[in-house]
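Here the structure comes first, spelled out in C-alpha cells, and everything after it is commentary.
The values are calculated or read from the model by the stated rules, or taken from the named source; none is laboratory data. Worth saying up front: this structure is predicted, and the values here are computed from it rather than measured. Neighbour counts run over all protein chains shown; Cβ positions are idealised from the backbone, glycine included. What goes into the accessible areas is simple: the full protein's heavy atoms, side chains included, and nothing from ligands, DNA or RNA. Shrake-Rupley method; radii C 1.70, N 1.55, O 1.52, S 1.80 Å.
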Amino acid sequence: MHPAYSVILFTTASGAGYGLLFWLSLAHVIGALPLAGWDFLAAILLALALITLGLLSSTFHLGRPERAWRAFSQWRSSWLSREGVAAVATYVPAGCLTLLSLFGVGSWLSLPLALLSAIGAVVTVWCTGMIYGSLKTIRHWHHPLVPWLYLALAAASGAVLLALLIGFSGGTARGASALALLGLMAAAVLKTRYWREIDADQGAFTTDMALGLQGVQRQLEPPHARPNYVMREMGYHVARKHARELRRMVLIWGMAVPGALFAFVALTGGLAPVLAPIAVMSAGAGLVVERWLFFAEAEHVAMLYYGADRA
C-alpha cells in the first residue's frame with residue numbers, strides 16, 4: 001500500500017498522545033502520579049495536543065475533508081467510525097481532567113475522570129488498530145497481532161514521553177524509565193513476532209482464484225496500458241533487502257537505543273534530562289519508520305490482477 005504521510009503522522013502522534021494520557025490517568029487513579037500542579041497540566045496538554053494533531057492530520061488524505069463528520073454515523077459497522085466516536089468521547093473526561101488540574105487533581109471528581117480517560121485512550125487506539133486488522137483483503141493487516149501492536153507502541157511511546165517530562169520536572173525518572181524500557185521491550189517482541197509470521201504467510205489467494213481460471217502462468221497483456229489509481233495506491237512495492245534494513249533500523253533506533261538509555265536512567269537515576277530527549281528522538285524516528293513499513297509492506301489482493309502471484 002502507498003504510505004500516506006498524513007496517516008503516518010496521525011497514527012504516530014495520536015498513539016503517543018493516547019499512550020501518555022493513559023499513563024497519566026492510570027497513575028492518578030492508583031495514587032502514584034509522578035507529576036503535580038503545572039507539571040501535570042503541561043503533561044496532559046501535551047497529550048491532548050498530540051492527539052489533536054494526529055486526528056487533524058488524518059483528514060489530509062481525504063478527497064472531501066468537509067464530509068469527514070459523516071463517518072461518525074456508521075459506528076455500528078465501521079471501525080473507522082468507532083474510532084472517531086471514541087476519540088471525541090475521550091476528549092470529554094480528558095478535557096474536564098485538564099480543567100480540574102488548574103485547581104489541583106486532589107478532587108474526588110478527578111478519579112472517575114482519570115479512569116474514563118484511561119479507558120477511552122485504550123478503546124480509541126484499539127479501534128485504530130482494528131481499522132486495519134479488519135481488512136481481509138490485506139493479509140499483512142488482517143492479523144490478530146495488529147491491534148495489540150498499536151496498543152503496545154502507543155503505550156511504549158507514551159511511557160517514553162512520560163519519562164522525558166518527569167526528567168525535565170526535576171523529579172526522579174527511575175520508575176518511568178523502567179516503564180518505558182518494559183514498553184519498548186514488549187513492542188520489540190510483538191513486532192518481531194509479527195514480522196516473522198507475515199513472512200511465513202505466503203497468502204491464501206492466487207491469480208487463478210482472482211481470474212476464475214485454472215493453470216494461469218502469466219497474463220499476456222496488462223489490464224491497463226498506463227498506471228491507474230489502484231496500481232498507484234495498492235501496488236506500492238518495497239524491495240525485500242530494503243525492508244530488512246528498515247526493520248533493523250526500527251529495532252535498533254526505535255527500541256534498542258532508547259531502551260538502553262532508559263535502562264541506564266532506571267538503574268542509576270542520573271542524567272535523565274540529558275538522556276531522555278535523545279531517547280525520545282531515537283524512538284520517534286524508529287516509530288515513523290515502523291509505521292511507514294506497516295503500509296509499504298502490505299499487499300492488497302487487487303494486485304493479483306496486475307501480476308502478483310499470491311496475496
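Rolling a 1.4 Å probe across the protein heavy atoms gives the chain an accessible surface of 51 Å² per residue. Per atom type, the stretch 149-200 shows carbon and sulfur on 69% of its accessible surface, probed at 1.4 Å.
Taking only the Cα atoms of the stretch 89-150, the radius of gyration and Dmax are 16.2, 51 Å. Packing-based ranking of 160-172, 248-260 yields 160-172, 248-260, ordered from highest to lowest mean Cβ neighbour count within 10 Å.
With each label modelled as a point 7 angstrom along the Cα→C-beta vector, the Tyr305-Thr268 pair spans 6.0 nm.
Can you work out the FRET efficiency for the pair Leu109 and Ile252, with r the C-beta to C-beta distance and R0 = 51 Å, to the nearest 0.05? The calculated FRET efficiency here is 0.70. Quick check: Cα centre of the stretch 141-181 to Cα centre of the stretch 1-72, how many Å? A separation of 14 Å, based on Cα centres. Can you give me the % of accessible surface on the stretch 216-311 that is carbon or sulfur? Probe 1.4 Å, all protein chains present, nothing else counted. Summing carbon and sulfur atoms, their accessible area is 64 percent of the total for the stretch 216-311.
Taking 0.36 nm per residue of separation and subtracting the Cα-Cα distance, full extension of the segment from Ala68 to Ala225 would add 53.1 nm.
Secondary-structure-derived ellipticity at 222 nm for the chain, considering helices only, amounts to -22000 deg cm²/dmol, per-run term -39500 (n - 2.57) for DSSP H runs with n ≥ 4. Packing, as the average of other Cβ atoms within 10 Å across residues, places the peptides 294-304, 123-133, 268-278, 190-200 in the order 123-133, 294-304, 268-278, 190-200, highest first.
Dipole magnitude for the chain: about 260 debye, using +1 per Lys or Arg Cβ and -1 per Asp or Glu Cβ, origin at the Cα centre. With the gyration tensor restricted to C-alpha atoms of the chain, the semi-axes of the equivalent ellipsoid amount to 39, 23, 15 Å, longest first.
Charging the Cβ of each Asp and Glu at -1 and of each Lys and Arg at +1, and nothing else, the dipole of the stretch 218-307 about its Cα centre rounds to 220 debye. Per residue, the Cα convex hull of the stretch 250-311 amounts to 75 Å³. Taking the dipole about the Cα centre of the chain, with the C-beta of Lys and Arg at +1 and of Asp and Glu at -1, give me whichever of Gly270, Ile30, Ser177 is farthest to the positive side. Result: Ser177, furthest along the dipole toward the positive end. Taken along the Cα-to-beta-carbon direction at a fixed 7 Å, the label points for Ala260 and Glu233 span 4.2 nm. Using the Cβ-Cβ distance between Arg193 and Phe168 with R0 set to 41 Å, the FRET efficiency from 1/(1 + (r/R0)^6) comes to roughly 0.75.
Here the stretch 27-131 is treated as a Stokes sphere of Kirkwood radius computed over C-alpha pairs; at 37 °C and 0.692 mPa s its diffusion coefficient rounds to 221 µm²/s. Projecting the Cα atoms of His237, Leu99, Val250 onto the dipole axis of the chain, where Lys and Arg carry +1 and Asp and Glu carry -1 at the beta carbon, places His237 farthest toward the positive end. Between Lys241 and Thr206, the C-beta separation translates, for a Förster distance of 25 Å, into a calculated FRET efficiency of about 0.45.
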